[in-house]
Amino acid sequence: MAAPTEGWTRAIDVSAPAGLVFRWLQQLTIAPYSYDWIDFRGRKSPHTLVEGLPELAVGQPLLVFEIADFEPDTHLTGVLPPQLAEQHGQMAVSYTLRPLDSGCRLVVKVVVEAKGSLAQRLRRRFLAWGDVVMMRKQLLTLKKLAERDGVTNLPEQHT
């Protein structure tokens, strides 16, 4: 992002292989995995891996973002589409996986444009606090699902 920015970082350790966690991150193209009654209009985020998801591609929807870049099992990055960026300022999110001995660390960085009017700056503060709540729920849900699948599918993960 070219404009001055501010960022928020969230992270969680997951006792599952990075490849499995990344597969769950791919599901963010179809569901939010936070508070479904807010983010998904009451529909339920799938609690099993959906077969037949389209291959990841730049420009593909990712929550309210569009995929800007990705590397399988490593990171998934999105930016606001131009029409939303024009309304709210530019914003990007990156989900990054870092290997650990017992699984991986999922780190999420949100970067937002830091310029704007007082109203825009106040809206960013509100967004940052809302993000704490929503992202916490999303990360805990993804952790729970990946760890569940990591235990139930452990032999398949090592083939």
Residue ID - farthest from G89 (Cα to Cα), chosen from residues in the range 108-126 that are of a type in the set (A, V, I, L, M) and surrounded by 15 or more Cβ atoms within 10 Å (Cβ to Cβ)
V108
Those residues of the range 48-66 that are within 15 Å of the chain's Cα centre (by Cα) and within 26 Å of G150 (Cα to Cα) come to a total of 3
Which is at pLDDT 90 or above, buried (at least 16 other Cβ atoms within 10 Å of the Cβ) and assigned to a helix (DSSP H, G or I), of D131, D149?
D149
Residue within the range 98-118 that is at positive phi, in contact (Cβ under 8 Å) with a residue 12 or more places away in the chain and touching a strand residue (DSSP E or B) at 6+ places or on another chain (Cβ under 9 Å) present:
yes
Among the residues of the range 75-82, is there at least one that is closer than 15 Å to Q27 by Cα, of a type outside the set (K, R) and surrounded by fewer than 18 Cβ atoms within 10 Å (Cβ to Cβ)?
yes
G78 being modelled with pLDDT under 90, not in a helix (DSSP H, G or I) and not charged (D, E, K, R)
no
Test set (1) closer than 29 Å to S117 by Cβ; (2) at pLDDT 95 or above - P72 fails condition number
(1)
Residues satisfying the stated conditions in the range 23-40, i.e. out of contact with any Lys or Arg (no Cβ under 7 Å at 6 or more places or on another chain) and modelled with pLDDT under 85
P32, Y33, W37, I38, D39, F40
Look at E86 and say whether it is farther than 24 Å from S15 by Cβ, without any contact (Cβ under 8 Å) to a residue 60 or more places away in the chain, touching a Gly at 6+ places or on another chain (Cβ under 6 Å) and not in a loop (DSSP other than H, G, I, E, B).
no
Note: among R98, R105, R43, just one is modelled with pLDDT under 85, surrounded by fewer than 16 Cβ atoms within 10 Å (Cβ to Cβ) and of a type outside the set (A, V, I, L, M), namely R43
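The values are calculated or read from the model by the stated rules, or taken from the named source; none is laboratory data. The structure displayed is predicted, hence computed values, not measured ones. Note that we place each Cβ from the backbone using ideal geometry, even for glycine, and neighbour counts take in every protein chain shown.
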